[in-house]
Structure formats: structure tokens, C-alpha cells
Amino acid sequence: MTYTVAAVLGVVFAAGLDLLVLRTKLLRRKAFWTAYAIVVVFQLVVNGVFTGQRLVVYARADILGPRLFYGPIEDLAFGFSLVLQTLAWWVWWGRRASQARPSPTAASAARRPAPTETR
Amino acid sequence: MTWIYPVVLAGCLLATLPLELGLKARVYARPVRLLATLAPVLAVFVTWDALAIHAGHWRYRHLLGVRVRNVPIEELAFFVVVPICAVLTLEAVRRRRPGWRIGDERP
């Protein structure tokens, strides 16, 4: 398996975790894409330092070839998978905790029809 | 050159610290949730890194030379630092845009 294939699988795995397994659905949220847009800029800079200084060297046969700030474009997918998986788990743990102890206002809202989904 | 990697990672933590202290992102303030988030991510990415090194997708140069199995400790630190920065950014976005739901709000 090449890095290219692994990178695509990494994104698919993260999307599956977010949409199907944890059902955090960050991929549909403005807050996620805004945070990612900020993070990706710093990721490119940091990755540019590591790859530009050749602290990490890639096998030419395992990447497509195009590079972004010295790093192979596959690194973009790797970084995206890292951020999405992280934030999905963060939100999932937070949702678990907030369902375990709802806010005081939730008690007064108990007579209203329960929301089908917390979004 | 061995100092570049740790310095860059420390820079990431320093640069995002104002999100916790100034914007009140409350990420370090919730250490259990943070550790529970880092654990599965670390497991997946250390495995990926180990397999990729084994498969020869990439190799490292000019690092400290300390490795856990075949994964350099700098990489372990990377998979802790980058997720922390990502969570801090998401929580900072929430602070600035309280109307945007993230999915963990109390019902």
C-alpha cells in the first residue's frame, strides 16, 4: 500500500468515525470547518518546516508527487484525518457528559417534545 | 538540527496558550475529557506511523534518536500537541461564535 492510498483511507476512516460511529457529524458543522481552516494554515507551516528541513523524508514511489509547502499533498489528508478524529472524540466525550447531567433548564423543558437529535 | 522538532512543537503549545488563558477555551481545564480524546487518536496514529515507517513510506532524520518500538518520541509528542491545538481552536471558535452548535451542548 502506498502513502497515497493510506492517506485516502485515513480520511475515509475519520469521516466514518464522525458520521457513522460517533455520529458527531462535525463534517456538517460550520464550527468544525472554521476551526479546520485555521488549523490547516499552521499545519502547512509546521509540516513545511519538518519536510523543508528534511527531518522527514518520503519514498518517492509511495507518493503522487505534487507538494505543498515542501510536504507531499498526502500530508494534507493525513492532517485532516488527525484533526477530524480528534475533534469527533472531543465532542463525543462532551456530549456523553452533558447527557449524563443535563442543564437545570432542561428540567423545565421536560414537558416539551424531546428533540429528536442534539445538534 | 535535533532541536528543530521539539522547538516547533513547543511553539505550537505556546502560540495556542492564549486561547486557553485569554479566550477561556477551557481545554486544559478539562483534563479527563482531553486525555480521553487523546488516547484513541494516539493509538490510531502511532499505529499508522509505525506501519508507514515499516513500509518505508517515510523515514526520519536529525531527531533525538529515542524511539518507542520504531516510532520516534518526537512523533508521539506530535500526536499529542497537534490534537491539543485543534481542540483549543474549536473551543475558541465556539467562544467567538456562541450560536454555532458543535454537538455537545446540554439538551
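Readers should treat all values here as calculations from the given coordinates under stated rules, not as data from a laboratory. Quick caveat: nothing in here was measured; it's all calculated off a predicted structure. Using ideal geometry, Cβ is built from the backbone for each residue, glycine included, and neighbour counts are taken over all protein chains shown.
So, with +1 on the Cβ of K and R and -1 on the Cβ of D and E, and no other charges, what is the size of the charge dipole of the stretch A:3-101 about its Cα centre, to the nearest 20 debye? The partial results should precede the final answer.
Details: 11 positive and 4 negative charges, 110 e Å.
Its charge dipole is roughly 520 debye.
Taking only the alpha-carbon atoms of the stretch B:23-63, what semi-axes of the equivalent ellipsoid follow from 5 times the gyration tensor eigenvalues under a square root, in whole Å, largest first? Mind showing how you got there, number by number?
Details: eigenvalues 186, 35, 9 Å².
The three semi-axes for the stretch B:23-63 are 31, 13, 7 Å.
Based on the Cα coordinates of the protein assembly as shown, what is the per residue volume of their convex hull in Å³? Write down the numbers at each step before the final one.
Numbers: hull volume 27.8 nm³, N = 226.
Spread over its residues, the Cα hull of the protein assembly as shown gives 123 Å³ apiece.
Given a Förster distance of 41 angstrom, what is the FRET efficiency for B:VAL46 paired with B:ARG101, based on the Cβ-Cβ distance and rounded to 0.05? Present the calculation step by step, with values, prior to reporting the outcome.
Numbers: r = 32 Å, r/R0 = 0.78.
Between B:VAL46 and B:ARG101 the formula returns 0.80.
Considering the dipole of the stretch A:3-101 built from charges on the beta carbon (Lys and Arg +1, Asp and Glu -1) around the Cα centre, which of A:VAL56, A:LEU17, A:ALA7 is farthest to its positive end?
Of the options given, the answer is A:LEU17.
How much net charge surrounds A:ALA59 when only other residues with a Cβ under 13 Å from its Cβ are counted (Lys, Arg +1; Asp, Glu -1)?
Net of charged neighbours comes to 0.
So for the pair A:ALA61, B:MET1, with labels modelled 7 Å out along Cα→Cβ, what separation do we get in nm?
If labels sit at A:ALA61 and B:MET1, their model points lie 2.4 nm apart.
Using a simple charge model, +1 on the beta-carbon of Lys and Arg, -1 on the beta-carbon of Asp and Glu, nothing else, what dipole does the protein assembly as shown show about its Cα centre, in debye to the nearest 20? Please list the in-between numbers first.
Working: 28 positive and 12 negative charges, 217 e Å.
Here the size comes out at about 1040 debye.
What residue among B:VAL27, B:VAL44, B:VAL71 has its Cα farthest toward the positive end of the dipole of the stretch B:4-96, where the charges are +1 on Lys, Arg and -1 on Asp, Glu, each on the Cβ?
Working it through, the farthest residue towards the positive pole turns out to be B:VAL27.
Within a Cβ distance under 13 Å of B:THR47, other residues only, what is the Lys/Arg minus Asp/Glu net charge?
Values: positive: B:ARG69; negative: B:ASP49, B:GLU75.
Neighbourhood net charge equals -1.
For chain A, what is the convex hull (Cα atoms) projected area averaged across all directions, in square nanometres? Don't skip to the end; give the middle numbers.
Working: hull surface 36.9 nm².
In nm², the orientation-averaged hull projection of chain A is 9.2.
Where in the stretch B:56-100 does the amide nitrogen come within less than 15 Å of the point 7 Å from the Cα of A:ARG54, taken along Cα to Cβ?
B:59-63
How large is the dipole of the stretch B:4-96 about the Cα centre if only Lys and Arg carry +1 and Asp and Glu carry -1, each at its Cβ, rounded to the nearest 20 debye?
Details: 11 positive and 5 negative charges, 59 e Å.
Result for the stretch B:4-96 is approximately 280 debye, rounded to the nearest 20.
So how tilted is helix B:31-55 from the main axis of chain B? Cα-based, degrees 0 to 90, rounded to 10.
30 degrees
Tell me which of A:LEU26, B:VAL8, A:VAL83 sits at the most positive position along the dipole axis of the protein assembly as shown, charges placed on C-beta atoms (Lys, Arg +1; Asp, Glu -1).
Going by the charge dipole, the pick is A:LEU26.
Between B:HIS62 and A:VAL5, what FRET efficiency follows from the Cβ-Cβ distance if R0 is 22 Å, with the result rounded to 0.05? Don't skip to the answer; put the middle values down first.
Values: r = 28 Å, r/R0 = 1.28.
After rounding, the FRET efficiency stands at 0.20.
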